[in-house]
1. Any residue in the stretch B:183-206 that's in the same structural domain as B:G99 (by TED's automatic domain parsing): show its pairings with residues that are among the small types (G, A, S) and surrounded by 13 or more Cβ atoms within 10 Å (Cβ to Cβ) at Cβ separation under 7 Å, as long as the two are six or more apart or on different chains.
2. Enumerate the pairs (first residue in the stretch B:132-151 and more than 16 Å from B:T234 (Cα to Cα) and assigned by TED's automatic domain parsing to the domain that holds B:G236; second residue anywhere and of a type in the set (V, I, T) and assigned to a helix (DSSP H, G or I)) with beta-carbon separation below 8 Å, excluding pairs fewer than 6 apart on the same chain, so at least 6 apart or on different chains.
3. Going through the stretch B:1-28 one residue at a time, which ones are free of Cβ contacts under 8 Å to residues at least 60 places away in the same chain and more than 9 Å from chain A (Cβ to nearest Cβ)?
4. Can you list the helices (runs of 4 or more DSSP H) found entirely within the stretch A:65-180 that contain at least 1 residues being touching a residue at least 12 places away in the same chain (Cβ under 8 Å) and within 7 Å of chain B (Cβ to nearest Cβ)?
5. Among the numbered criteria (1) within 27 Å of the chain's Cα centre (by Cα); (2) more than 7 Å from chain A (Cβ to nearest Cβ); (3) surrounded by 15 or more Cβ atoms within 10 Å (Cβ to Cβ), which one does B:S31 miss?
6. Evaluate the following for B:G99: is it modelled with pLDDT of 95 or more and either surrounded by 15 or more Cβ atoms within 10 Å (Cβ to Cβ) or over 24 Å from the mean Cα position of the chain (by Cα) (or both)?
7. Given (1) at the interface with chain A (Cβ under 9 Å from one of its Cβ atoms); (2) surrounded by fewer than 23 Cβ atoms within 10 Å (Cβ to Cβ), identify the lone condition not met by B:Q256.
8. Looking only at residues in the stretch A:202-218 that are under 16 Å from A:A266 (Cα atoms) and in contact (Cβ under 8 Å) with a residue 60 or more places away in the chain, which one is surrounded by the fewest Cβ atoms within 10 Å (Cβ to Cβ)?
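The values are calculated or read from the model by the stated rules, or taken from the named source; none is laboratory data. Source: prediction; values computed, not measured. Please note: Cβ atoms are built from the backbone with ideal geometry, for glycine as well, and neighbour counts cover all protein chains shown.
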Amino acid sequence: MNPFRRRNGRAPVLAMVTWVYILWSILPVLVAVRISFNSGKSRSAFQSMSFRWYWGDKTLSVWHDATLHTAMLNTLQLAALCMLLATPLGVAMAIGLHRWRGKLSNAANGLMLIPIVTPEIVFGVALFLVFTQVYTGVPSGMSRQLIGHITFTMSFVVVIVRGRLAAIGNQYEEAARDLGATRMQAIRLVLLPLLAPAIFASVMVVFATSIDDFVISSFLSTGASTDTVPIKIYSGAKGTSTPALNALASVMLVFTLVAIALAAVAMKRMSRGGGGTDGAARAVGNLASLTG
Amino acid sequence: MWPVFAVPGVGWLIAFFVVSVYAVMAVAFGSVDPVLRTAVPAWNPAHWDFSAISEVLHRVFGGDLGKVFVRTFWFVAASLAGCIAVGYPVAYYVARKAGRRRGLVLALLVLPFWISYLMRMLAWTNLLQPDGIVNRLLHVLHLQGPPRNWLDGNPQTVIFGLVYGYVPFFILPLYSTLERIDGRLIEAGRDLGASAIQTFLRVTLPLSVPGLMAASVITILPMFGDYYTNTYLTSGSPKTDMVGNQIEHYLLGTTQPQTGASLVLILMAFLFVLMAYYMYTTVRQQRLADR
């Protein structure tokens, strides 16, 4: 059978390959979630259903093992703070770089792109050395991890927001200026609402990247109190570990998926009022009535 | 006034990225405290001493580290081949053939992004245990006699893990290029008498080369620095050590930061062309979009 058949537009072999790939990419994770409900200690053979590794076990479950839930709180706190700091820094930088012309701007743009192509281990080592040799005053542990995560994720925000800025063009902001808005008003009342979908996408990417980061957190961790979930999962591979690791990973998975779902719903709500050309026209309209 | 918006971000990147990379150079080109064995960085380029890095370079070209670099190269090459073999058909299907189901398929393709990388690896350590599902399945299908331990330093397992880990990052950039190919060009190929396969080879494939390059670079770069997939799927066996494992070992495992920092610089020098290529194409696209 010809996989690239065109006439009726269907390609059964390619469809099969794709669905097998999707199953392959997702099924193992579902198996890992199922093992988190194992009543026994085995991480490979399922015995029977229980919540032992969530809260049943008095010492080793996620609820009772302090190192596990500390790691969870650390990870969530780090991701939340990183989101709050990296996003505004990145959005401002994107607006600045988009408008600012000249040699210096090109250099700044190039500098912004380097972190994206730098392998994480280079990042980890560089931050590890800079904090032990230069910025020794920054308290070790989470502050350093947070700085590392912001440095690593900020460029993603800039790239996402710049893409949207290029798509929007300057005309809406110029219209706002013609209608008497100051530059800051134009940015606040016209540009930022138009950027909302890109800002939302950035927030999600920053959150997911931070929550998932292993290398930087690990190079800047100073022990159990600053371990994150990925570090816990990683170190569990070497020693003898229990399905509590699976339970920990499953809880994080639920957190992430819920956050993503909420963000998607919020984005849909917002874009109904402020996205697309339609929303853009309305944003300028609102401004006209405000200043007129 | 536009530079004012960029200043905080640029300042941040200079303080924490540029200075950090400079610190790697200062440590690599510095010296070691004779008593404490800690790094004494040389901040002034006039005082840089290249004896440590040349020693490491000797080990890379012909010494023990050479083997690690060669192994890393083959692992990455094999994993890239795997990513292309798995990713291209999938990206092609979603971009051009999925029809009404495209939204659903895309959502499922993006799903692994929201699942922690190490959780996806954790899942495979469960499946690949001696008494795990993979061995049981192979036994039932009569593909294998006694159960095998896949997790004791098996190169195939590492390459498999790398493909599994990175293929989602490969598919998306390729998808967006394939999706933008003008369908009329493909139809024109068919109308002019080319078979479907000829059309694919002479129209679609050449048009997808930029996407293929971008997807390859964006997966190769992190793979070269990857050490956790390897450690995780081989229970820390040194038999499959990659460059990243050595770097981690010298910095965190032992106290030889100078050797570790030198290795980082050598790795960056190797990857320079790929990094420059990616930045060049991104800047060009930005220019086109801004116009």
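1. B:T199/B:G189; B:R202/B:G189; B:R202/B:A194; B:V203/B:G189
2. Listed by first residue and then by second, the contacts come to B:I133/A:V31.
3. B:G11
4. A:66-99, A:103-117, A:120-133, A:142-168
5. Single failed check for B:S31: (1).
6. no
7. So B:Q256 meets the others, but not (1).
8. This residue is A:V203.
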